[in-house]
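This report refers to the structure that appears directly beneath it.
The values are calculated or read from the model by the stated rules, or taken from the named source; none is laboratory data. Computed from a predicted model, the values in this text were never measured in an experiment. Reconstructed Cβ throughout: ideal geometry from the backbone, glycine too, with neighbour counts over all protein chains shown. SASA here: full protein model, heavy atoms, side chains in, ligands and nucleic acids out. Shrake-Rupley method; radii C 1.70, N 1.55, O 1.52, S 1.80 Å.
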Amino acid sequence: MADNQYDILVLGGGSAGYSAALRAVQLGYSVALIEKEKLGGTCLHWGCIPTKAYLHSAELAEGARESEKYGIKATLESIDMGAVRDYKNKIVQGKYKGLTGLMKMRKVDVVAGNGKLTGPNTIDVDGTTYTGKHIILATGSVSKTLGIEIGGRVMTSTEALEIDFVPKSAIVLGGGVIGCEFASMWRSFGVDVTVIEGLPHLVANEDPAIIKTLEREFKKRGIKYNLGTFFEKVEQNDDGAKVTLADGKEFEADVVLVAVGRGPNTADMGFEEQGIPMDRGFVTPNERLHTGVGSIYAIGDIVPGVQLAHRGYQQGRFVAEEIAGLNPVVVPDINVPKVTFTEPEIASVGYSQPKAEEKFGKDNVETFEYNLAGNGKSSILGTGGFIKLVREKDGPIVGFHAIGTRISEQIGEGQLMVNWEAYPEDVAAFVHAHPTQNEAIGEAAMALAGVPLHG
């Protein structure tokens, strides 16, 4: 555009930023997207996609190790982490090439450089000023380290995805989604894993029934964990690393993964200087993601709430449509689906049982758990677990929770039920294909509607 003037400037090319740019050009706006590293951001290069590629390799290793119980005599000779990394890189590069091509095809101007907000309508990119009638802040997140020095045997998920060896032992600091996924993956590769979590439970934001099952399954798999005590210090030498807890207990391993969450990537970007409302590094826009300054919006991981790529996609589309005056629907975080790709997998959306009881009252909540032991496809896969539905008494389904091998693929119907406020009676009337894990959802709905078949 002439003199670097655009309808919309997007600062950040991750999931939130690039989805905003793509939707905006669909709506007829000229868009410049400013990114200092690579299009696709954390999700594509250092998060969702590479981690799940590693987890697929881990699943294959586990399958080879357990193949004999399925009548297949396979052997697991070794794990070639260099080759696993190459496989991951091939997946990432393919997606990156496709995304780069898509941006060119859609005529989004991608500006490479370090952007800084300098006014209500301007962003400076390495000395060059770009002007936009609207600005969308989407600068993403970074790994928290809590002051721990990263290097050598102490790493975040970014460094862990690049190692070319299988450690004999590992300590994972943090029992949330990232920590539990790495613990599960490394255990499948044969690593002796210990998770250190300061809270009383792993994946503490999930429904209590999910938490109990995951902790039991981790224990069965030989994944050790220490709960309820925070770490005090991390040390390393040439031979290994050591974590000391607040109660004096010590743990030693070959490597330490620091997986204590992710924080907003907003430092030194000019946000506070321009009056953007901030809280502990996060941008705090209103419900419609407007910052209250000019025509500046904030989306994705810099906005408090669940830090998920698909939430970023949705918010990116939302803001583009908001600028266009289309009055898009607000999707609250409680209705954003969540998946944890451990073994077994976790899928959830909506209210957990305690949260539902808090909102509607204990006597006004009904639940049902359908055990996957009664599901033919789950038995074939050799998985336990369950589907749990939470409903408001005599009302709609307000929560969907599931755990089991490959159960993440069932989150779609779970999201539809919760977001469209379906009643169990509605879902019970549907025909769920047999034999699939999907029919376990139908079984849970039938039971909650008072007409159980196999449940």
Could you provide, to the nearest whole Å², the per residue accessible area of the chain with probe 1.4 Å?
46 Å²
Given a 1.4 Å probe and the protein chains all in place, what does the accessible area of residue 231 round to, in Å² to the nearest 10?
50 Å²
Check residue 172: other-chain or 5+ apart residues with amide H under 5 Å from its amide H, H built from backbone geometry?
194, 195, 196, 257
Cα-based shape type of the stretch 154-260, given that a ≥ b ≥ c are square roots of the gyration tensor eigenvalues and the cut on a/c is 1.5
oblate
Which pairs in the list 220/377; 338/362; 36/116; 220/355; 224/249 are over 18 Å apart, alpha-carbon to alpha-carbon?
220/377; 338/362; 220/355
Can you tell me the dipole magnitude for the stretch 1-121 around its Cα centre, using point charges on the Cβ only (Lys, Arg +1; Asp, Glu -1), in Debye to the nearest 20?
200 debye
To the nearest 20 debye, what is the magnitude of the charge dipole of the chain about its Cα centre, counting +1 on the Cβ of each Lys and Arg and -1 on the Cβ of each Asp and Glu?
700 debye
Of the accessible area of the stretch 154-260, computed with a 1.4 Å probe and all protein chains kept, carbon and sulfur make up a percent value of 48 percent
In the stretch 178-211, which residues have a backbone nitrogen under 20 Å from the label point lying 7 Å from residue 60's Cα in the Cα-to-Cβ direction?
182-191
Per the 1.4 Å probe, what fraction of the accessible area of the stretch 382-455, in percent, lies on carbon and sulfur atoms?
54 percent
At most 13 other C-beta atoms within 10 Å and a DSSP loop state: those are the exposed trypsin sites (Lys or Arg not before Pro) I care about. Give me the longest piece of the chain that has none.
289-392
If unit charges are put on Cβ atoms (+1 for Lys and Arg, -1 for Asp and Glu) and the dipole of the chain is taken about its Cα centre, the option from 6, 420, 213 lying farthest towards the positive end turns out to be 6
Considering only DSSP states other than H, G, I, E and B, which chymotrypsin sites (Phe, Trp or Tyr not before Pro) in the stretch 380-424 qualify as loop sites with at most 16 other Cβ atoms within 10 Å?
420
How large is ³J(HN,Hα), in whole Hz, for each residue of the stretch 353-358 in order, when computed from phi with the Karplus curve 6.51 cos²θ - 1.76 cosθ + 1.60 and θ = phi - 60°, using x for Gly and Pro?
4, x, 5, 5, 5, 5
Under 4.7 Å Cβ to Cβ, no partner at all: give me those cysteines from the chain, in residue order.
180
Would you be so kind as to identify which of 157, 256, 195 lies farthest towards the positive end of the dipole of the stretch 154-260, taking Lys and Arg as +1 and Asp and Glu as -1 on Cβ and the Cα centre as origin?
195
Can you give the FRET efficiency for residue 93 and residue 295, using 1/(1 + (r/R0)^6), R0 = 30 Å, r = Cβ-Cβ distance, to the nearest 0.05?
0.25
For the chain, what is the calculated [θ] at 222 nm in deg cm²/dmol (nearest 500), taking -39500 (n - 2.57) for each run of four or more DSSP H residues and dividing by its residue count?
-9500 deg cm²/dmol
Compute, for residue 188, the solvent-accessible surface of its heavy atoms (probe 1.4 Å) with the complete set of protein chains present, and express it in square angstrom to the nearest 10.
10 Å²
Show me the GluC sites (Glu not before Pro) within the stretch 199-293 that DSSP assigns to loop and that have at most 12 other Cβ atoms within 10 Å of their Cβ.
287
For the stretch 344-449, the dipole about the Cα centre with charges only on Cβ (Lys and Arg +1, Asp and Glu -1), to the nearest 20 debye, works out at 280 debye
In nm, what is the difference between 0.36 nm times the number of residues separating residue 72 and residue 331 and their Cα-Cα distance?
88.6 nm
Please list 180, 43, 48 in order of solvent-accessible area, largest first, computed with a 1.4 Å probe with all protein chains present.
48, 43, 180
Out of the stretch 55-130, which GluC sites (Glu not before Pro) are coil in DSSP terms and have no more than 12 other C-beta atoms within 10 Å?
77
So for the stretch 278-352, taking the charge dipole from beta-carbon charges (+1 Lys/Arg, -1 Asp/Glu), which of 308, 344, 294 sits furthest toward the positive end?
294
Simple spin-label model, 7 Å along Cα-to-Cβ: residue 146 to residue 221 in nm?
2.2 nm
